[in-house]
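Chemist: Could you have a look at this structure, given as structure tokens, before my questions?
The values are calculated or read from the model by the stated rules, or taken from the named source; none is laboratory data. As the structure is a prediction and not an experimental result, all values here were calculated from the model. We place every Cβ from the backbone using ideal geometry, glycine too, and count neighbours over all the protein chains shown. The area values use the complete protein model at the heavy-atom level, side chains included, leaving out ligands, DNA and RNA. Shrake-Rupley method; radii C 1.70, N 1.55, O 1.52, S 1.80 Å.
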Amino acid sequence: ACTGIENIDEAITLLEQNNWDLVAAINGVIPQENGILQSEYGGETLHGPAYGPTSHSTAASSTPSSSSAFRHVVPSRQIVERQPRMLDFRVEYRDRNVDVVLEDSSTVGDIKHILENELQIPASKMLLKGWKTGDVDDSTVLKSLHLPKNNSLYVLTPDLPPPSSSHSGALQESLNQNFMLIITHREVQREYNLNFSGSSTIQEVKRNVYDLTSIPVRHQLWEGWPPSATDDSMTLAVSGLTFPCHRLTVGRRSSPVQTREQSEEQCTDVHMVSDSDGDDFEDATEFGVDDGEMFGVASSALRKSPMMPENAENEGDALLQFTAEFSSRYGDCHPVYFIGSLEAAFQEAFYGKARDRKLLAIYLHHDESVLTNVFCSQMLCAESIVSYLSQNFITWAWDMTKEANRARFLTMCTRHFGSVVAQTIRTQKTDQFPLFLIIMGKRSSNEVLNVIQGNTTVDELMMRLMAAMEIFSAQQQEDIKDEDEREARENVKREQDEAYRISLEADRAKREAQEREMAEQFRLEQIRKEQEEEREAIRLSLEQSLPPEPKEESTESVSKLRIRTPSGEFFERRFLASNKLQVVFDFVASKGYPWEEYKLLGTFPRRDVTQLDPNKTLLEVKLYPQETLFLEAKE
């Protein structure tokens with residue numbers, strides 16, 4: 001605005017030469033009259049030419065010596081030392097945003113390494129997109145890309161699996177939703193209600209607004225976009241817009257060379273706005289003026305714009321222009337036209353839940369019919385009609401004025417309603433337009449309930465709409481009943497399936513528990529058998545190791561021991577008085593009572609024989625000539 005430089009590369013070059021100091025860059029290209037430049041470096045004010053080819057430039061050299069619009073300037077190294085320039089990147093990956101700050105001397109690979117830590121994705125799997133200069137490789141230095149301070153990028157990972165189904169389903173649902181954007185044109189105080197799918201981008205919205213307001217995208221000044229909507233390539237679903245309705249304001253960005261008179265002229269007469277290149281209006285004599293009078297209006301005010309472009313490739317774009325032109329001609333009180341293809345209107349009206357379905361009203365416009373203006377202004381824009389249509393109908397419109405558009409609609413009509421309906425519309429004369437078709441969706445086909453011609457009244461139009469609504473309501477009640485019964489059957493089936501599944505789970509759990517119990521019993525039985533076998537082996541070994549029992553008539557001293565078991569049984573044996581006490585312990589163990597588990601007690605006096613020294617003889621422990629002992633299990 002100040003320098004007149006429009007070449008972005010030239011501007012970036014000048015800023016880099018001045019260490020991205022805006023004041024210094026401007027001072028370098030605008031001739032100075034007083035020779036005093038002000039720029040803040042460390043709070044100091046620099047007098048004289050702060051920047052020049054060398055640090056010793058004279059006053060004469062500071063004055064421009066040519067008529068060039070700019071001159072190259074280099075910051076004086078004696079004044080300021082170049083600091084590294086920091087670049088901010090906001091990187092979007094699926095549902096995450098990562099902020100990265102790097103010096104411009106870093107490479108693209110450095111960004112990937114930071115993202116690798118943040119996103120837990122290998123750098124080799126990343127495709128970093130969003131560069132204004134096209135694709136770059138990892139070794140590219142950021143400084144060579146001439147990037148602004150703030151940048152938006154996004155990461156693609158085609159080699160990695162997609163996100164979880166729940167997140168994917170939520171994102172897909174957002175992409176399929178329709179957003180109502182209420183856009184106010186600030187200069188003319190006009191409001192546009194536009195429907196966009198969640199998959200539309202911010203750039204597409206701005207281009208459509210250009211078609212409505214004639215404000216080029218680069219001259220549009222917006223208010224109301226969410227802070228997260230930082231990139232025009234973002235879809236509405238992820239931009240943070242309020243669903244289902246969001247308000248925005250757009251105006252024309254002021255030009256620094258625009259005069260006050262031009263601004264007032266632009267605001268007072270919207271038909272006098274020129275295009276973005278500032279071309280003059282066409283000569284008024286090119287258009288006819290009634291009775292030879294010359295009116296002080298532009299040529300665009302003397303003729304109507306078409307309701308719909310001829311041979312429109314996109315039905316949604318055609319409907320946007322239709323809605324805007326209809327509002328321009330007949331005011332903002334009019335039916336809310338569905339923005340999208342006829343198939344999308346079918347989906348919206350007929351293929352939801354039975355309680356949410358509506359009738360489809362198709363308005364067929366024709367500019368050359370004498371009935372069109374009266375029908376649109378007096379009937380279609382009546383508040384009662386608008387309100388009734390908004391509550392009960394999905395309204396879709398088409399312009400039949402141009403032959404190409406007429407043929408395209410007849411083709412769509414044949415495909416969706418059959419040749420009979422298409423032939424009926426084909427035979428309608430121009431003066432019978434406009435037409436209003438009331439369509440009801442059925443299970444296997446779409447039925448045309450009524451074809452309303454333009455020669456009608458508000459009351460008759462309302463009555464025919466209400467009659468169609470009665471037919472539809474009866475059918476809707478049947479559909480709701482069928483849908484409820486079907487849902488009830490499905491619920492019962494789901495409950496039965498769930499009960500059966502729970503029963504199977506219980507049976508399986510019971511069977512597994514039984515198998516585990518049997519396995520545990522078998523294991524314990526095996527252990528018990530092994531223990532018994534081991535004990536029996538020990539008992540037999542001890543029994544075989546016992547010295548022979550002495551005879552009663554033995555000449556040696558013999559001790560006779562009588563031992564009582566815990567079950568009350570008794571067993572006796574003779575031992576030599578010289579036998580060690582351990583022989584008695586082995587004898588008791590051979591009978592199945594190991595001394596580790598049982599203790600051997602004497603009676604008079606009561607004592608625990610198992611606590612005595614097993615290497616002493618029976619004579620030494622006073623178990624001679626006879627003694628009665630009893631066994632007791634240890635605790």
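Chemist: Write out, first by first residue and then by second, each pair whose Cβ atoms fall under 8 Å of each other, whose residues are 6+ apart or on separate chains, and whose first residue, in the stretch 624-635, is among the basic types (Lys, Arg) while the second is assigned to a strand (DSSP E or B).
Modeler: LYS634/TYR598; LYS634/LYS599
Chemist: Consider ILE502 carefully, then state whether it is open to solvent by 80 Å² or more (accessible area, probe 1.4 Å), part of a helix (DSSP H, G or I), of a type in the set (Val, Ile, Thr) and more than 24 Å from ASP356 (Cβ to Cβ).
Modeler: Criteria met by ILE502.
Chemist: Taking the stretch 460-501, which residues are touching a residue at least 40 places away in the same chain (Cβ under 8 Å) and over 15 Å from ALA361 (Cβ atoms)?
Modeler: Correct list: GLN476, ASP479, ILE480, ASP482, GLU483.
Chemist: If you go through the stretch 457-475 one residue at a time, how many are open to solvent by less than 70 Å² (accessible area, probe 1.4 Å) and β-branched (Val, Ile, Thr)?
Modeler: Number of matching residues: 1.
Chemist: Another question about this same structure. Here's a check for you: in the stretch 189-213, which residue that is over 19 Å from ALA345 (Cβ atoms) and in contact (Cβ under 8 Å) with a residue 40 or more places away in the chain is most open to solvent (accessible area, probe 1.4 Å)?
Modeler: Of all residues in the stretch 189-213, those over 19 Å from ALA345 (Cβ atoms) come to 189-192, 201-207, 209-213.
After this cut, where a residue has to be in contact (Cβ under 8 Å) with a residue 40 or more places away in the chain as well, the list is 190-192, 209, 211-212.
On the way: ARG190: 73, GLU191: 75, TYR192: 19, VAL209: 3, ASP211: 106, LEU212: 30 Å².
Of everything passing the filter in the stretch 189-213, ASP211 is most open to solvent (accessible area, probe 1.4 Å).
Chemist: Residues in the stretch 437-444: is at least one part of a helix (DSSP H, G or I), of a type in the set (Lys, Arg) and free of Cβ contacts under 8 Å to residues at least 40 places away in the same chain?
Modeler: Taking every residue of the stretch 437-444 in turn, none turns out to be part of a helix (DSSP H, G or I), of a type in the set (Lys, Arg) and free of Cβ contacts under 8 Å to residues at least 40 places away in the same chain.
Chemist: Tell me, which helices (runs of 4 or more DSSP H) lie completely within the stretch 1-115 with 2 or more residues that are modelled with pLDDT under 50? Show your work before the answer.
Modeler: Details: elements: 8-17, 22-29, 59-62.
By residue number, 59-62.
Chemist: Here is a further query. Among the residues of the stretch 116-130, which ones are part of a helix (DSSP H, G or I), of a type in the set (S, T, N, Q) and under 14 Å from ASN97 (Cα atoms)?
Modeler: ASN117
Chemist: Hey, another quick one. Looking at (1) modelled with pLDDT of 90 or more; (2) in a helix (DSSP H, G or I), which is the only condition ARG562 fails?
Modeler: If we test ARG562 against (1) modelled with pLDDT of 90 or more; (2) in a helix (DSSP H, G or I), just (2) comes out false.
Chemist: So, GLU549, is that one in the same structural domain as VAL621 (by the TED database) and open to solvent by 80 Å² or more (accessible area, probe 1.4 Å) or not? Write out each step before concluding.
Modeler: Values: in the same structural domain as VAL621 (by the TED database): no; open to solvent by 80 Å² or more (accessible area, probe 1.4 Å): yes.
No, not satisfied.
Chemist: Tally time: how many residues in the stretch 576-615 are open to solvent by less than 90 Å² (accessible area, probe 1.4 Å) and either part of a helix (DSSP H, G or I) or more than 24 Å from GLU552 (Cβ to Cβ) (or both)?
Modeler: 24
Chemist: Let me ask something else about it. If a residue has to be surrounded by 10 or more Cβ atoms within 10 Å (Cβ to Cβ) and over 18 Å from LEU600 (Cβ atoms) to count, how many in the stretch 552-575 make the cut?
Modeler: 3
Chemist: Within the stretch 511-556, count every residue that is in contact (Cβ under 8 Å) with a residue 24 or more places away in the chain and part of a loop (DSSP other than H, G, I, E, B).
Modeler: Result for the stretch 511-556: 4.
Chemist: Across the stretch 351-365, what is the number of residues that are over 30 Å from SER377 (Cα atoms) and among the basic types (Lys, Arg)?
Modeler: Counting residues in the stretch 351-365 that are over 30 Å from SER377 (Cα atoms) and among the basic types (Lys, Arg) gives 2.
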